[in-house]
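Structure record follows, encoded as structure tokens.
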Amino acid sequence: MTAKRVEPPRLPPAERIKTFDEIERTLPAHQAFKEAARCLFCHDAPCNKVCPVEVDVVSFIRKLKTKNFTGAIRVIREGNPLAATCARVCPQASLCEGGCAQSELAEPIAVGALQRFLADEELKKGIAPMVPAPPTGRKVAVVGAGPAGLTCA
């Protein structure tokens, strides 16, 4: 028997009408570790193949399982500099979670919730997201305000 999927806590409806806070909350640390432990750590992970920004899902979950927060968030940021935003808006159910091999046995790993946990931990702990490159003296123009344009900026 496999462990049941851990779902993020949600703001109760009675409180939602009084605030503009996010409805879905970040997983507490103990639940994030429990969810990470459910991962099968597939060798040829289908979750990695379906991620449009090529985040190494298995690697960041493995690092989270060992409580290596800095390593886990760095794995995410290699493919996705907007980790906190994408953890909230990416349709994981049809992408990485949709490709999760665990879904053959039980429910898929809550990849988005784990990514959100790590991104929020990064903000709380002050983990430096990226080291800026030294200035080159060159200038570029960025057209567009989507994820690619914001990443370049």
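Values quoted throughout were computed directly from the atomic coordinates according to the rules given, and no laboratory measurement underlies them. Everything quoted here is computed from the prediction, not taken from an experiment. We place every Cβ from the backbone using ideal geometry, glycine too, and count neighbours over all the protein chains shown.
Might you report the magnitude of the Cβ-based charge dipole of the stretch 38-145 about its Cα centre, with Lys and Arg at +1 and Asp and Glu at -1, to the nearest 20 debye? Present the calculation step by step, with values, prior to reporting the outcome.
Details: 14 positive and 10 negative charges, 99 e Å.
In total the dipole reaches around 480 debye.
Roughly how many nanometres apart are two label points built 7 Å out from the Cα toward the Cβ at K4 and K125? Using points 7 Å along Cα→Cβ, the separation is 2.9 nm. Packing, as the average of other Cβ atoms within 10 Å across residues, places the peptides 40-53, 134-147 in the order 40-53, 134-147, highest first.
K18 to R138: extension gain in nm, 0.36 nm per residue of separation minus the Cα-Cα distance?
Details: separation 120, 0.36 × 120 = 43.20 nm, distance 4.87 nm.
Here the answer is 38.3 nm.
Phi angles of the stretch 30-45 translate, via the Karplus equation with coefficients 6.51, -1.76, 1.60 and θ = phi - 60°, into HN-Hα couplings of 4, 6, 5, 5, 5, 5, 4, 5, 6, 4, 7, 6, 4, 5, 10, 4 Hz per residue; Gly and Pro are given as x. Close amide H pairs (under 5 Å, H built 1.01 Å from N) link E24 with L11, residues at least 5 positions away or on another chain. Using θ = phi - 60° and the Karplus curve 6.51 cos²θ - 1.76 cosθ + 1.60, what whole-Hz ³J(HN,Hα) does each residue of the stretch 64-75 get, with Gly and Pro shown as x? Listing the rounded values in order: 5, 4, 8, 6, 8, 4, 4, x, 5, 5, 5, 4 Hz. A convex hull fitted to the Cα coordinates of the chain yields 152 cubic angstrom per residue. Centroid-to-centroid, using Cα positions, the stretch 18-42 and the stretch 95-153 are 16 Å apart.
If you average the sequence gap of Cα pairs under 8 Å that are 6 or more apart and divide by the length of the chain, what percent do you get for the contact order? Reported relative contact order: 25 percent.
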